[in-house]
Amino acid sequence: MTLPVPDMNQIMGDMGRSMLVDFMVAMLDANGSVLFANHDLASALGIDAQALRGQKLGALMAQAHGAADMAQIMAFLQRNRIWLGKLALKRVNGSAFTVQVSMLTHRNAEGELDHVAMIASSAARRLDFPICATDHQDQFFSLLEGSGTPTLLHRDNRIVYANEAALRLLDATGPQLLACPYDQLAALDSRPQLLAHVQFRLQGVTDQSRHTLRLKTLRGKLRWVEQTTGIVQIDGLPTLIDSFVDETANREALATEARTRKVLAHVIDGNPVPTFVINTDHVVTHWNRACELITGMKASDIIGTTNQWKAFYPSPRPTLADLITAGALDEDVKLLYHNKFRHSTIVLDAFEAEDFFPGFGQSGKWLYFTAAPLRDHEGNIRGAIETLVDMTERRLAEEALRSAQTGLEQLVIERTAQLAEANTRLAADVAQRRNAEAQLRQRNGDLESLNAQLTQAHEQLVQSEKLASIGQLAAGVAHEINNPIGYVHSNIGTLQTYLTDLFALLGVYEQRPTDPDIEAMRRKVDVEFLREDIPCLIRESQEGIGRVKKIVQDLKDFSRVESTQEWQLANLHQGIDSTLNIVNNEIKYRADVVKEYGVLPLVECLPSQLNQVFMNLMVNAAHAMGDKHGTITIRTGVSGDQVWLEFADTGSGIAKENLSRIFDPFFTTKPVGKGTGLGLSLTYGILQKHHGHIDVQSELGKGTVFRILLPIHRPLPAQPEGAQNG
């Protein structure tokens, strides 16, 4: 028959691996049959371990009534958790040997006996208990097992038994505890004390039977216990029996209370607020330095007494802290403090009060005091704490404030009369101010009208400057137009003669197509020459007419009315070139123009206004040449988000004292009648409108350089304040 084998890995793990070396181990089912036997047990019996499976343990016992004894043991284990004793086992050769046995039960989820773990060792080395079970042993171990007091049996520094309460106390299983030396249960610092206690008890010293020490559980946790040790006779040998009372919680509570008292003492003594504490017996336990200073009574004279009243009153009476400690009601407090007290708005069951104490200092003091109960973790009152605050200065300040308020009220009455008089004068001043405001508004209206006229005059002046510039250029433009018109007129006259000859030749040819005179006339007219010259005449005429058209278009763009212009992306090189085309007659006899153009993007601007700027700078540069022929160099480029343009000339230059005035309206260095003084002023205004900038560098006799900076894109107009929120 094959018997089920429990999970031996789990069971052996619970017993501890060290036991497999020193002990014979077997696993029995609920009927006492062997489920498993280790090698040591099989070797001791002289049987193969596999052959032991399924055999009754009672059949392996040497005594005559082995089966009956085993039945008695199993009946005991059905009621209890552990059995300790000796068994006589027989080898296959018939010889017997005695073993010391511990049997531990393992139960299922319903609490029924599932299997039994048996641990045996040679009784020759460890004589402990009598063979098999006895009635008094059953009763003894049943009593220990059912006890809630942690109990151990030990001998020779070896634990032989531990009840369930002891296992819980030491955080251990039965096999773990049986494998642990007895002295290892004590913390390292308590171990000598434990061993000395055992020796005293073995020597019969009874006054050493109870003492306190620290145990170390098998999981490393320390526990304070009170140990009582007795001696019992088991198997005729003295065996020590220990019982323990766990004092860990009490010790921790006492330590916590001590720490709390220490912290409270530090807090109170270091507090700058006068403070004292009493216990439930109204005895002062704390009287800090600040309290000594304000009351004049030393802590050494007060602490440990109930004389706290002496600091405040001439005869015995309860302080506010005494009333709280005694659990007084509002009526009791009111009898002593009348209407000078109130409940605290912060601390439950606390009171606040304020009173005058004539015995403090030379003239007495006003004190504000608070008292609150001190409670334990269960909410019971264990005392009270009272704090004091010197309010004398505040009270004196309040009195001074009331006096000042009385004087202030009188002063207000006087000032009210003065204010009424001042109001009368103010009313007259207001009337006078209103009259002045009316005059100011009228003057402001006049100024606005004058400003409108000035603006109109400025616009007319600017337009006049532009018309003056156009008038100044009219002769040059007429000269420029006259040249192409002249050769166009000449070409048209010649072309008319050519066409008359051709038409005559064609007429003769139509009348006499075969007449020999036609050839003579053809040679006279020179048709081959006409074929070459007529296209040339027409091409020259077209170029001349195109040039006239370009000059007229540039002049039209240049003179465009400003109010009709819009901001647009423009090619500044094209604007410079068209302006040069217009002012060519002003420049070509005075200077050569050198273009050093860079690569420019399209610029957002008012093109005709910038053309006006270019014209002013180039015409001024040409006029600066005087009688000599010079050079005007135009350079362009890009710098970040701006473009730059330079107009450099080799003219006479500008005197240093005039550099700061050249952009002023009506300022000019030209002779009277040669300039209005508005050209550079207009230039400066146009560049300001474009958010640009102009610099000038000049040296007499060497020339002048004007440098212009313009943003590529027109900056967005600034929003008025509050526009985003509106």
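The values are calculated or read from the model by the stated rules, or taken from the named source; none is laboratory data. Not measured: the values here are computed from a predicted model. No Cβ is skipped: glycine too gets one built from the backbone with ideal geometry, and neighbour counts run over all protein chains shown. Only protein heavy atoms, including side chains, enter the accessible area calculation; ligands, DNA and RNA are left aside. Shrake-Rupley method; radii C 1.70, N 1.55, O 1.52, S 1.80 Å.
Among the listed residues 619, 613, 583, 603, identify the single one that is farther than 18 Å from residue 704 by Cβ and either open to solvent by less than 50 Å² (accessible area, probe 1.4 Å) or within 60 Å of the chain's Cα centre (by Cα) (or both).
Just one listed residue meets the conditions, 603.
Check whether at least one residue in region 279-295 is open to solvent by 50 Å² or more (accessible area, probe 1.4 Å), over 48 Å from the mean Cα position of the chain (by Cα), farther than 17 Å from residue 381 by Cα and of a type outside the set (A, V, I, L, M, F, W, C), and report yes or no.
no
Quickly run through region 200-255 and pick out the residues that are modelled with pLDDT under 75, charged (D, E, K, R) and either surrounded by 12 or more Cβ atoms within 10 Å (Cβ to Cβ) or on the phi > 0 side of the Ramachandran plot (or both).
Answer for region 200-255, where residues must be modelled with pLDDT under 75, charged (D, E, K, R) and either surrounded by 12 or more Cβ atoms within 10 Å (Cβ to Cβ) or on the phi > 0 side of the Ramachandran plot (or both): 210, 235.
Only one residue in 640, 630, 598 is touching a strand residue (DSSP E or B) at 6+ places or on another chain (Cβ under 7 Å) and open to solvent by 10 Å² or more (accessible area, probe 1.4 Å), so which one is that?
Values: 640 fails: touching a strand residue (DSSP E or B) at 6+ places or on another chain (Cβ under 7 Å); 630 fails: open to solvent by 10 Å² or more (accessible area, probe 1.4 Å).
Result: 598 is the single residue among 640, 630, 598 that is touching a strand residue (DSSP E or B) at 6+ places or on another chain (Cβ under 7 Å) and open to solvent by 10 Å² or more (accessible area, probe 1.4 Å).
Looking at region 665-687, can you tell me whether even one residue there is modelled with pLDDT of 80 or more, outside any helix (DSSP H, G or I) and over 21 Å from residue 628 (Cβ atoms)?
Checking region 665-687: not a single residue is modelled with pLDDT of 80 or more, outside any helix (DSSP H, G or I) and over 21 Å from residue 628 (Cβ atoms).
Can you say whether residue 405 is of a type outside the set (A, V, I, L, M, F, W, C), at pLDDT below 80 and open to solvent by 90 Å² or more (accessible area, probe 1.4 Å), as far as the supplied structure shows?
On the way: of a type outside the set (A, V, I, L, M, F, W, C): yes; at pLDDT below 80: no; open to solvent by 90 Å² or more (accessible area, probe 1.4 Å): yes.
Criteria not met by residue 405.
In region 47-91, what count of residues is obtained for those that are assigned to a loop (DSSP other than H, G, I, E, B) and open to solvent by 50 Å² or more (accessible area, probe 1.4 Å)?
Qualifying residue count, region 47-91: 6.
Only one of 503, 529 is assigned to a helix (DSSP H, G or I), modelled with pLDDT under 75 and of a type in the set (Phe, Trp, Tyr); which? Talk me through it step by step, then tell me what you get.
Details: 529 fails: modelled with pLDDT under 75.
Testing whether each residue is assigned to a helix (DSSP H, G or I), modelled with pLDDT under 75 and of a type in the set (Phe, Trp, Tyr) leaves just 503.
Would you mind stating whether residue 356 is among the aromatic types (Phe, Trp, Tyr), buried (at least 18 other Cβ atoms within 10 Å of the Cβ) and under 22 Å from residue 275 (Cα atoms)?
When the stated conditions are applied, residue 356 does not pass them.
State the number of residues belonging to region 586-595 that are open to solvent by less than 40 Å² (accessible area, probe 1.4 Å) and of a type in the set (A, V, I, L, M, F, W, C).
So the count comes out to 2.
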